[in-house]
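Shown next, in structure tokens, is the structure this report addresses.
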Amino acid sequence: MPTGYQIVEQSKLHYLTFTVVYWIDVFSRKTYRDIFLESLVYCRQHKSLEVYGYVIMSNHIHMMVRSAVGDLSGTVRDLKKFTSKAIVEAIGSNNESRREWILRLMAHAARRQNKEGKYQFWTHDNHAELLYSNSFIEQKLKYIHDNPVRAGLVQKAEDYLYSSARNYAELDAMMEIDKLNVMWKTIK
């Protein structure tokens, strides 16, 4: 079901949110966060995806991205398809204590959507928002970086490993990003 949040301008900067079906907290496990992160790095290196900000939370991901080749929808589709398959496979083959529960929910989601596959990992919506002004870009970047703080996971945004806040604070980070010309560091 389409919403008003669509990627229309394929080469423009967008804020995206990927949500796991039923808000399952899959990314509370490092293994699954790393699968997503490695896929994001791959898309930067091989699919011309520019990543300006990101945060991986327990059940959703926020990103600020742009396609250098004007195919953001295609890259997002491929990223979600690959990570969905890889993470579901990892859930099935790892010593995941919640395996049966997670797979049952994902199978239910697939049946509800009349999906061809056995499991549905991501919701269909990407909640895409075109970023059209410097103030809107800074607002969304702050929102991305403050997510772990609001969730009570860290006191300072740059202390959360799976976020680009570390890049902007010029700390060791999990991946390279395409930094915007803004400063990010929690004021002590």
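Each reported figure results from applying straightforward, stated rules to the coordinates on display, with no laboratory input. Remember, it's a predicted structure, so these values are computed and weren't measured experimentally. Every residue, glycine among them, receives a Cβ derived from its backbone with ideal geometry; neighbour counts consider all protein chains shown.
What to note about this one:
- Matching residues in the range 29-47 - criterion: being over 11 Å from residue 79 (Cβ atoms), surrounded by 15 or more Cβ atoms within 10 Å (Cβ to Cβ) and of a type in the set (Lys, Arg): 29, 33
- Restricting the range 80-110 to residues that are charged (D, E, K, R) and farther than 23 Å from residue 17 by Cα leaves a set whose member that is surrounded by the most Cβ atoms within 10 Å (Cβ to Cβ) is 96.
- Filtered residue count, the range 133-154, keeping only those that are in a loop (DSSP other than H, G, I, E, B) and in contact (Cβ under 8 Å) with a residue 12 or more places away in the chain: 1
- Here is the figure for the range 105-130: residues that are over 30 Å from residue 70 (Cβ atoms), of a type outside the set (Lys, Arg) and outside any helix (DSSP H, G or I) total 2.
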